[in-house]
Amino acid sequence: MAPVSAAQDIPHTDVDPFCPETLEDPLPMQAELREAGPVVRLGRYGIHATARYEEVRAALCDWQSFQSAAGVGLSNFRYEQPWRPPSLLLEADPPHHDAPRTVLARTLGPRALRELREDWFADAAQLVDQVLTGHEFDAVTQLAEAFPLRVFPDAVGIPRQGRENLLPYGDFLFNSFGPANELVEQGRPRLAELSAWVDDQCRRTVLEDTGFGAAIWAAADRGDITHEQAPLIVRSLLSAGVDTTVHGLAAVLYAFATHPEQWQRLRQEPELARVAFDEAVRWQSPVQTFFRTATTDVELGGTSIAEGEKILMLLGAANRDPRRWDEPDVFDLSRDPSGHVGFGMGIHQCVGQHVARLESEALLTALAHRVEHIELAGSTRRHHNNTLRAWRSLPVRVHLG
Amino acid sequence: MTMDTSPADRATADELRVADKTEVADGVVTLTLRHPRGERLPDWTPGSHVDLTLPCGLTRQYSLCGNRWDARTYRVGVLREPDSRGGSTRIHDELSAGETVAFGGPRNNFTLAPSPRYVFIAGGIGITPLLPMIHQAELVGADWQLLYGGRSRASMAFLDELRTYGRRVTVAPEDERGPLDLPAWLSAPRADTKVYCCGPAPLLDAVDQHCADWPTGLLRTERFVARDRTPARSGAFDVELRRSGLSLTVTPERSVLRALNDAGVHVLSSCRQGLCGTCEVTVLAGEPDHRDSILDDDERARGNCMFPCVSRSGTDSLALDL
């Protein structure tokens, strides 16, 4: 008798995690995939997916079995040409990943950020004062976008001109990890222009003499990375450092606008600002998904995945897995969100996480200082992106205290 | 506070089990180390070392010389150093398979930077950090050469492993070939060549002197400076939280982070392996026993911060800014 193929035992689904209805509200899809099994087969794309915390975390950590160099999107770089030279961080495996990661982790580490802390807190207070001259405003454009766009490009050291290109570039990049759907097509017309601008900002002569960009070039002078690698590492900052933070901040602002009792708690205990951001990242998961590719025939959650096959990891679903989290759908500052996979985990874990936390801490501290109550003031609108759980508009009303 | 009970958090280990101990050359043993429950160990890169705390309380640093594509095993090589203060002697004479040792790190002060060509120079047990570098140079297709010196062939570890690399490896035992011919190997700096050297102080001094005029970044060496550290403690210690006025006792089976969370004190963390840096806290008094992969020696010596997911206390009590 022929052995039963393992593939026959895997739960199969025709759900499309990237269709417009799901991007509008991914929670039903997440629950369906999570409850179907530890690993499921996505018929539409012919790949595996995992939506449970334990398996997602295991796949993230096991870089030996689940590689990134074949792309962290649906496209398999073993067979398909990537649309830009692959990232030396996100789309690289050891050993090539080591030196760029080491350099960038130092550049963006807590010790390096200490110098920025005071300035960013002052910048946040100034922006908040400016925005609070009105009692109703859009929290996405006026805070979640405005604050990172104010402090981060300065910290990298790029010129002022053209910064409006950063968000559309990031939007295309994060769309490109999904299937070649309408969202990707919509971004294509401006791609060449946006890419050329971003690549141009990575050049040493364009960057300021101080800042993250200059620090990366200085590492090349020390021989820690090559001069050919330096601009691509700067590109990683400009690619992954803006949209993600914008939607992380939007997530925490949305959370407080819809949970007044949690806002009161933050006002009473301002030191909860750090926990609040990570809890919002767990709850909303601004980065919803990433893919890996099996380097060998490997078992995950009792399912065998063949060498060369793609697997979709649903970070957002893992962050609401009831096997791991009590009352996962509740945004709660009493919770310890530590260990969420919203920043990933393992050697590819978000290298800018300390930057994102500092931005958020600065902004929340400034708001908590002045705002007694924050609430929604109109209908909210999502922005659809294949990877990001994003907002287009969050109208809010504030009462100053 | 929601109690944290996920298996991933319980996987954090601060102990390694000696799975195997083998004599690989005269006066050199290798230890194969695993997580007590067989879990993944923290990731590392070539040039990394771990701090091992022996059952007697001595802490010593050893370069990792295994294969990081095996995530569940560390390998270190230990030279018997009769003149030392006892760490290596105790490993050679007393430590046996099945026992556990506390560990910190891995940390890397000797990272392998990208280069089309490498020259590796090893003296004796200094071969250990270079083994994974050589493996990596092979993987990326770099052009490389190894000059490996030692007192005698019988005292030089890993010769069988190195034989597979053929002519790239030059084995130069002193009793057969005299001192290493550094002038020939390091005749002039080349922009396309990085030199990595590890070995006894006289070798490092000679190489440093030889390359004194070279451009920065081409020569990279690692020296283990024996620092006198407070012997690691295995018992409980007290943690005083100055801002909240709380005081807690951390027992050996709990991390400081867990003790803080159990006491209702919010400290955000993420990797819980001393890698990501999320849980950093400020130390106001007492001396931390650092086990993380983040701080360098100077930052450790300052003693003003710690990562409570893995680090502990070297003193009876620690005061934290919490």
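The values are calculated or read from the model by the stated rules, or taken from the named source; none is laboratory data. Because the structure is a prediction, the values reported are computed rather than measured. Cβ atoms come from the backbone with ideal geometry, glycine included; neighbour counts cover every protein chain shown.
At-a-glance table
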| read-out | value |
| --- | --- |
| Members of the stretch A:323-333 found to be within 7 Å of chain B (Cβ to nearest Cβ) and touching a helix residue (DSSP H, G or I) at 6+ places or on another chain (Cβ under 8 Å), listed by number | A:Arg324 |
| Some residue of the stretch A:114-121 being free of Cβ contacts under 8 Å to residues at least 12 places away in the same chain and within 30 Å of A:Ala377 (Cβ to Cβ) | no |
| Selection from the stretch B:171-220 of residues that are free of Cβ contacts under 8 Å to residues at least 60 places away in the same chain and either at positive phi or within 14 Å of another protein chain (Cβ to nearest Cβ) (or both) | B:Gly178, B:Pro189, B:Ala191, B:Cys211, B:Trp214, B:Pro215, B:Thr216, B:Leu218, B:Leu219 |
| Residue tally, condition touching a strand residue (DSSP E or B) at 6+ places or on another chain (Cβ under 6 Å) and under 24 Å from B:Glu81 (Cβ atoms), over the stretch B:135-178 | 14 |
| Members of the stretch B:156-193 that are small (Gly, Ala, Ser) and either more than 22 Å from B:Leu79 (Cβ to Cβ) or touching a Leu at 6+ places or on another chain (Cβ under 9 Å) (or both) | B:Ala157, B:Gly166, B:Ala172, B:Ala184, B:Ser187, B:Ala188, B:Ala191 |
| Entirely in the stretch A:3-102, the helices (runs of 4 or more DSSP H) that have 1 or more residues that are within 13 Å of chain B (Cβ to nearest Cβ) and within 17 Å of A:Val287 (Cβ to Cβ) | A:53-61 |
| Test: A:Ala390 is over 18 Å from the mean Cα position of the chain (by Cα), touching a residue at least 24 places away in the same chain (Cβ under 8 Å) and away from chain B (no Cβ under 11 Å) | no |
| Residues (of a type in the set (S, T, N, Q) and out of contact with any strand residue (DSSP E or B) (no Cβ under 7 Å at 6 or more places or on another chain)) located in the stretch A:67-112 | A:Ser75, A:Gln81, A:Ser87, A:Thr102, A:Thr107 |
| Residues being away from chain B (no Cβ under 14 Å), touching a residue at least 60 places away in the same chain (Cβ under 8 Å), more than 17 Å from A:Met345 (Cβ to Cβ) and not aromatic (Phe, Trp, Tyr) - total across the stretch A:263-293 | 3 |
| Any strands (runs of 3 or more DSSP E) falling wholly within the stretch B:160-261 and containing at least 3 residues that are within 15 Å of B:Phe120 (Cα to Cα) and either touching a helix residue (DSSP H, G or I) at 6+ places or on another chain (Cβ under 6 Å) or not aliphatic (A, V, I, L, M) (or both) | B:193-198, B:219-222 |
| Identity of the residue in the stretch B:270-292, small (Gly, Ala, Ser) and surrounded by fewer than 23 Cβ atoms within 10 Å (Cβ to Cβ), that ends up nearest to the chain's Cα centre (by Cα) | B:Gly277 |
| Close pairs (8 angstrom Cβ cut-off, 6 or more residues apart or separate chains): charged (D, E, K, R) in the stretch B:136-148, part of a strand (DSSP E or B) and surrounded by 14 or more Cβ atoms within 10 Å (Cβ to Cβ) anywhere | B:Glu138/B:Trp144; B:Asp143/B:Arg117; B:Asp143/B:Tyr118 |
| Qualifying residue in the stretch A:208-220 (condition: within 14 Å of another protein chain (Cβ to nearest Cβ) and without any contact (Cβ under 8 Å) to a residue 12 or more places away in the chain) | yes |
| The stretch A:321-374: number of residues that are among the hydroxyl-bearing types (Ser, Thr, Tyr), assigned to a loop (DSSP other than H, G, I, E, B) and surrounded by fewer than 21 Cβ atoms within 10 Å (Cβ to Cβ) | 1 |
| Among the residues listed as B:Ala201, B:Ala157, the single one being in the same structural domain as B:Ile121 (by TED's automatic domain parsing), under 26 Å from the mean Cα position of the chain (by Cα), loosely packed, with under 13 Cβ neighbours inside 10 Å and within 30 Å of B:Val101 (Cβ to Cβ) | B:Ala201 |
| Subset of the stretch A:54-99 (residues that are among the hydrophobic types (A, V, I, L, M, F, W, C) and within 20 Å of A:Leu191 (Cβ to Cβ)) | A:Val72, A:Leu74, A:Phe77, A:Trp83, A:Leu90 |
| Criterion (under 24 Å from B:Asp43 (Cα atoms), in contact with an Asp or Glu (Cβ under 9 Å, 6 or more places away or on another chain) and either within 14 Å of chain A (Cβ to nearest Cβ) or not aromatic (Phe, Trp, Tyr) (or both)) met by exactly one of B:Arg107, B:Arg168, B:Arg80 | B:Arg107 |
| Check on B:Leu219, surrounded by 19 or more Cβ atoms within 10 Å (Cβ to Cβ) and farther than 24 Å from A:His354 by Cβ | yes |
| Residue among B:Leu257, B:Leu241 that alone is touching a residue at least 40 places away in the same chain (Cβ under 8 Å) and buried (at least 22 other Cβ atoms within 10 Å of the Cβ) | B:Leu257 |
| Residue identified as outside any strand (DSSP E or B) and either farther than 23 Å from B:Tyr148 by Cα or away from chain A (no Cβ under 14 Å) (or both) among B:Arg75, B:Arg40 | B:Arg40 |
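Conditions (1) crowded, with 16+ Cβ neighbours inside 10 Å; (2) of a type in the set (A, V, I, L, M, F, W, C); (3) modelled with pLDDT of 95 or more, marked per residue:
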site: A:Pro94; (1), (2), (3): yes, no, yes
site: A:Glu118; (1), (2), (3): no, no, yes
site: A:Gln126; (1), (2), (3): no, no, yes
site: A:Val131; (1), (2), (3): yes, yes, yes
site: A:Glu145; (1), (2), (3): yes, no, yes
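Residues checked against (1) under 21 Å from the mean Cα position of the chain (by Cα); (2) aliphatic (A, V, I, L, M); (3) assigned to a strand (DSSP E or B); (4) not assigned by TED's automatic domain parsing to the domain that holds B:Ser311:
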| residue | (1), (2), (3), (4) |
| --- | --- |
| B:Thr89 | yes, no, no, yes |
| B:Leu95 | yes, yes, no, yes |
| B:Leu130 | yes, yes, no, yes |
| B:Ala137 | yes, yes, no, yes |
| B:Gly141 | no, no, no, yes |
| B:Leu146 | no, yes, yes, yes |
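So that you can scan it fast, the table gives a plain yes or no per residue for (1) farther than 17 Å from B:Asn108 by Cα; (2) within 14 Å of another protein chain (Cβ to nearest Cβ); (3) in a strand (DSSP E or B); (4) aromatic (Phe, Trp, Tyr):
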{"site": "B:Gln273", "(1), (2), (3), (4)": "no, yes, no, no"}
{"site": "B:Thr278", "(1), (2), (3), (4)": "yes, yes, no, no"}
{"site": "B:Leu284", "(1), (2), (3), (4)": "yes, no, yes, no"}
{"site": "B:Asp292", "(1), (2), (3), (4)": "no, yes, no, no"}
{"site": "B:Leu295", "(1), (2), (3), (4)": "no, yes, no, no"}
{"site": "B:Asp298", "(1), (2), (3), (4)": "no, yes, no, no"}
{"site": "B:Ala301", "(1), (2), (3), (4)": "no, no, no, no"}
{"site": "B:Cys309", "(1), (2), (3), (4)": "yes, yes, no, no"}
{"site": "B:Thr315", "(1), (2), (3), (4)": "yes, no, no, no"}
